[in-house]
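The values are calculated or read from the model by the stated rules, or taken from the named source; none is laboratory data. From a predicted model like this one, the values you see are computed outputs, not experimental measurements. Quick reminder, even Gly has a Cβ in these numbers, built from the backbone with ideal geometry, and neighbours come from all protein chains shown. Just so you know, the surface numbers come from the protein's heavy atoms only, side chains and all, with ligands and any DNA or RNA stripped out. Shrake-Rupley method; radii C 1.70, N 1.55, O 1.52, S 1.80 Å.
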Amino acid sequence: MITFILLNTKLGGAEQLMMRLADYYLKQNSSVTVIFVSKDLKSPWDQYIKNGNVKLYFSGNSILKFITILRSLSSDVTFSTHVYLTGILGFLRGLGILKTQFLIGRESTSIFDRFKGLKLLSYRFSYFIGYRKLDLLICQSSLMKKQFKMNLPNISKNLNIRVIPNAFDAPDRFIQEREFDFPFIVSAGRLIPEKGFDILIEAFHRINKEYPSLKLLILGDGILRKQLEGQVSRLGMEDSIHLLGFVDNVYPFFKEASLCVVSSRIEGFPNVLLQMMSQNTKVVSTLCAGDINEIRGVYKAATYNVESLKTAILEALSKENRGNRKFFDEELKSRSIDKFVQQIENYLNEP
């Protein structure tokens, strides 16, 4: 049995990967269990309710119920993608409450660059109480692994830490046609400071005089919506910049865009970049995560830098980029879910 333990039913980048892994194991006729540390809410995971090989559990934020669920299960492999959860699971495994042959954690963001103070201290505590009980820790990039080992040398000593790039397989059910009657640039993600949409809006404002008919579409919702709307209003760009909110299928936007942009300040690795590369040959990304600089065909920009992002966007818009299709397809092929799982199995079975 393969078990996935998640904070909630929302499909962020890490959770999308877990869902693709669940699909992979189901195709191998494995039994899959998914435990949510939240209430039972309508979600994309509902598609599995009628699948006899899948069991969904919801602990409803009750630690007692969570422990009761864990005690009732025995897994071959257990996956976690959140530091707090991974630390707790390692701790419970040490107590004999979590019964699993292999416990795999995956770092979902650059903790030591992104957080400070008490927040960082709480993450360090999670690492301390449980990470030594992991059989494998997956880092999304070589930079993430380097940061982990540098900041947690004692824990790293006997921990099996491996770099496995994020897997990508575009789900067929999302690849649909859609027509737009205007040219546009598109970006997507939660409206939070880390995504750098304020930087993108300012860069687009500077570009607008050269491309007056071009619009900027930002897909996603979050705590900065009002702040970003205020920025758009102050710049007088209400007719050219549109915050469309959450969109359940981003692929048609990525396919038809004149250009796709990742403007983030910091990421573990932006899965949305891979989604964009699967649909478009004009893609710009800030160097917000390790290994982005090695992806051929992507136009790179410095983080926190409006002028650098503007320059990269203008360069991408001005060039013919059909040759990038070969580079992008090669990169995405190297990140197939089959290869992702194969690397996990190889690392678990090493002497």
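Before moving on, here are some points about what is shown:
- Area accessible to solvent at residue 329, 1.4 Å probe radius, in Å²: 80
- Here the extension length gained between residue 84 and residue 206 equals 39.8 nm, from 0.36 nm per residue of separation less the Cα-Cα distance.
- Using the Cβ-Cβ distance between residue 194 and residue 10 with R0 set to 22 Å, the FRET efficiency from 1/(1 + (r/R0)^6) comes to roughly 0.85.
- Low-density loop positions, trypsin sites (Lys or Arg not before Pro), region 78-126 - DSSP coil, at most 16 other Cβ in 10 Å: 99, 116
- Percent breakdown of C-alpha pair distances by 10 Å bin, ordered from the shortest bin, for region 97-136: 24, 50, 22, 4
- Note on residue 291 and residue 115: the extension gain reaches 61.3 nm, defined as 0.36 nm multiplied by sequence separation minus the Cα-Cα distance.
- Legend: calculated FRET efficiency, residue 327 to residue 348, from the Cβ-Cβ distance at R0 = 35 Å, rounded to 0.05, equals 0.65.
- In nm, spacing of pseudo-spin labels at residue 235 and residue 160 (7 Å Cα→C-beta vector): 4.8
- The residues of the chain present an accessible area of 48 Å² per residue when probed at 1.4 Å with all protein chains retained.
- Note on region 146-233: lysine pairs with Cα distance below 20 Å, sequence gap of 8 or more or different chains, count 5.
- The chain - percent of accessible surface contributed by carbon and sulfur, probe 1.4 Å: 51
- Within region 131-172, the trypsin sites (Lys or Arg not before Pro) that combine a DSSP coil assignment with at most 13 other C-beta atoms in a 10 angstrom radius are 157.
- Estimated from helical segments only, the mean residue ellipticity of the chain at 222 nm is -11500 deg cm²/dmol, where each DSSP H run of four or more residues counts as -39500 (n - 2.57).
- FRET efficiency, residue 304 to residue 76 (Cβ-Cβ, R0 51 Å, nearest 0.05): 0.70
- Fraction of antiparallel bridges per DSSP, region 200-351 only, in percent to nearest 5: 10
- Cα shape, the chain, gyration tensor, a/c 1.5 rule: prolate
- Label positions at residue 20 and residue 39, each projected 7 Å from the Cα along the C-beta direction, are separated by 3.2 nm.
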